[in-house]
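The structure appears below as structure tokens.
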Amino acid sequence: MDTLFTQLIEQLNACDQQHVLQHWQSINDNDKRQLAAQIEQIDLPGIRSLFEQFSQQAEVAPDLSKLTPPNSIRLQQDATISPETAYAQGEKLLRDGRVGVVIVAGGQGSRLGFPHPKGLFPIGPLSERTLFQFVLDKIAGYEVKYETQIPLFVMTSPTVHEETVCYFEGNDFFQRRDRVEFFCQPAIPAVDARTGKLLMKDKAEIFTSPNGHGGMLEAMQSAGILERCESQNIDTLFYGQIDNPLSPTCSPALLGYHSLSESQVTLQTIAKMSPDEKTGNIVAVDDRTQIIEYSEMPNDLATSEDAQGQLKFWAANIAVHVFQTRFLQEIVNSASGLPYHFAHKQVAHIDHQGNPVEPDVPNAIKFERFIFDLLPLAQRTLTVEAARESVFAPVKNASSANFSTPRTSRRGISELHRSWLQQAGCSVADEVIVEIHPTYAVDLPHLLERSDVPDQITENTYLVHPEGS
Ligand code: UTP
């Protein structure tokens, strides 16, 4: 153990992180080995360089003088590709087995305060299906409808991996063991915001957290997923996040617009409710699509209007994308990786004496990659507007908040399904909760094809296909 200590202290000294071994003498041999393995995995010079960038405020600010609205297909405007043509093309891609789904589910879900991976959260307003089931059932609905197979790739992180896989194991992989694959993103240390020192979770472990949803690219590459998709002719990847049960997973229209416009990245978007809505703005700079965070958007730009008196920068990012597999492959082969962003957060840790510290103000810098940093790397992108109520009901916050809570999300699901039923000629009594399982109808066109939709619904009703639940 002495030799191990000497080796480690040398590496740590070189980056001024020797305090990591401060409690070495008081931990057992097993913990020593685990701590040594953790240190080996950390890119110490890389962390130092990130902290230097943070200290020099080297995050590149976007050039706001050049912002234009993105290349888009809007709901109420004629476009060169009609919705029907797009839908038919998307159906063809699905039938031909060219589509895979990537769901990022590696986050810590700290705002929700649910003590399990967020995907296990029961969200079905009547069924109590989990967020994972919402994705799986939607995929199953399209598989049945188009007699196809759609592989699902789920990104986890060291924080949630084991429990997520156990959940799938415990449910026999929802009968799709051959078509679900997990890949785990890396975790990265956080540092003290003043000194750049690594923070110790306890005497034998450095604090780390997942490296942001942008960690998806390298993690997919390390797992060989992109190569395998290409070799299996899966040239189109739908990307969604686990916390939006209305995410339009495999939406034929979105896939079709993407394919017909030969876009490398297509974004499903919704119109902002107001100029100050707290969502990322989808914009273009020199014909490249970018996201400008709401906090970076000056008020005069956020409120500026076009000739029709509509918000000029109308497009809100809901993190629903379609990627060309080849484009992702090109990016991982060529670039040094997506940039890191710096987030000032509260991180509990131990101090030099080994006493726990629970900060009540942000004390640490977390480093995170964002998936949307891919956008400016694409030459051809397309933004497709959808109605907010059809595609967006995220679960972000605990029930005590007043937006993006389990309650608002469940209401959103029921309201959408009510509106589908009404469009199919069914009268649904006020105050009644409805929920439709995707094998009954995976989307509105599917529901309209059914001949057995009830004429009226007067009590809470969960519609399930007789053979599928
Ligand atoms: P959020 O940014 O909402 O983070 O993630 P979160 O961890 O779920 O929740 P908070 O901020 O701690 O409350 C948006 C999506 O990106 C995934 C999440 O699982 C969610 O689907 N994500 C986030 C990752 O997969 N990895 C990450 O490192 C961060």
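The values are calculated or read from the model by the stated rules, or taken from the named source; none is laboratory data. In this text, all values refer to a predicted model and were calculated from it rather than measured experimentally. Heads up, the Cβs are rebuilt from the backbone with ideal geometry, glycines too, and the neighbour counts pull from every protein chain shown. Side chains are part of the model used for accessible areas, which takes the heavy atoms of the whole protein and leaves out ligands, DNA and RNA. Shrake-Rupley method; radii C 1.70, N 1.55, O 1.52, S 1.80 Å.
Please compute the per residue accessible area over the range 277-389 with all protein chains in place, 1.4 Å probe, rounded to a whole number of Å².
Value returned for the range 277-389: 47 Å² of accessible area per residue.
Rounded to the nearest 10 degrees, what's the angle between the helix 44-55 long axis and the longest principal axis of the chain, both from Cα atoms, 0 to 90?
Tilt of helix 44-55: around 70 degrees.
Would you mind estimating how fast the range 155-261 diffuses translationally, via Stokes-Einstein at 25 °C and 0.890 mPa s with the Kirkwood radius over Cα pairs, in µm²/s?
On the way: Rh = 16.8 Å.
So the translational diffusion coefficient is about 146 µm²/s.
State whether the range 1-138 is rounded, prolate or oblate according to the following rule on the C-alpha gyration tensor (a ≥ b ≥ c being the square roots of its eigenvalues): a/c under 1.5 gives rounded; otherwise a/b larger than b/c gives prolate, and the remaining case gives oblate.
prolate
Distance between Cα centroids, the range 258-315 to the range 1-76: provide it in whole Å.
Cα centroid of the range 258-315 versus Cα centroid of the range 1-76: 33 Å apart.
For a quick check: with amide H placed at 1.01 Å from N, whose amide H comes under 5 Å from MET155's, ignoring anything fewer than 5 positions away on the same chain?
Here the answer is ILE103, VAL104, ALA105, PHE183, since their amide H atoms fall under 5 Å of that of MET155.
Can you give the charge dipole size of the range 1-81 about its Cα centre, rounded to the nearest 20 debye, using +1 on the beta carbon of Lys and Arg and -1 on the beta carbon of Asp and Glu?
Approximately 300 debye in magnitude.
Could you work out Rg/(2.2 N^0.38 Å) for the chain, with Rg from alpha carbons only?
Taking N as the residue count of the chain, the ratio is 1.04.
Give me the percent of the accessible area of the chain that comes from carbon and sulfur atoms, probe 1.4 Å, all protein chains in place.
Reported share for carbon and sulfur atoms: 47 percent.
At 1.4 Å probe size, what's the solvent-accessible area of VAL135? Round to the nearest 10 Å².
About 10 Å², ignoring ligands and nucleic acids.
Could you put VAL357, VAL322 in order of accessible surface area, largest first, with the 1.4 Å probe and the full protein assembly present?
Heavy-atom accessible area, descending, gives VAL357, VAL322.
Round to the nearest 10 and report in Å² the accessible area of MET155, as given by a 1.4 Å probe over the protein chains' heavy atoms.
So the heavy atoms of MET155 present about 0 Å² to solvent.
Classify the range 236-296: rounded, prolate or oblate, from the alpha-carbon gyration tensor (a ≥ b ≥ c, eigenvalue square roots; a/c under 1.5 rounded; otherwise prolate if a/b is larger than b/c)?
Numbers: a/c = 2.27, a/b = 1.30, b/c = 1.74.
Oblate, because a/c is 1.5 or more while a/b does not exceed b/c.
For the range 98-216, just say rounded, prolate or oblate: build the C-alpha gyration tensor, square-root its eigenvalues into a ≥ b ≥ c, call rounded for a/c under 1.5, and beyond that prolate if a/b exceeds b/c, oblate if not.
Values: a/c = 2.65, a/b = 2.07, b/c = 1.28.
It comes out prolate by the Cα gyration axes.
What's the whole-number percent of alpha carbon pairs in the range 201-310 lying beyond 18 angstrom?
Distances greater than 18 Å cover 69 percent of the Cα pairs.
How do the peptides 113-121, 8-16 rank, highest first, by the average count of neighbouring beta carbon atoms within 10 Å per residue? Please report the intermediate quantities before stating the final value.
Details: 113-121: 18.3, 8-16: 14.9.
Top of the packing list down: 113-121, 8-16.
With every protein chain kept in place and ligands, DNA and RNA left out, what is the accessible area per residue of the range 397-469? Probe 1.4 Å, answer in Å².
54 Å²
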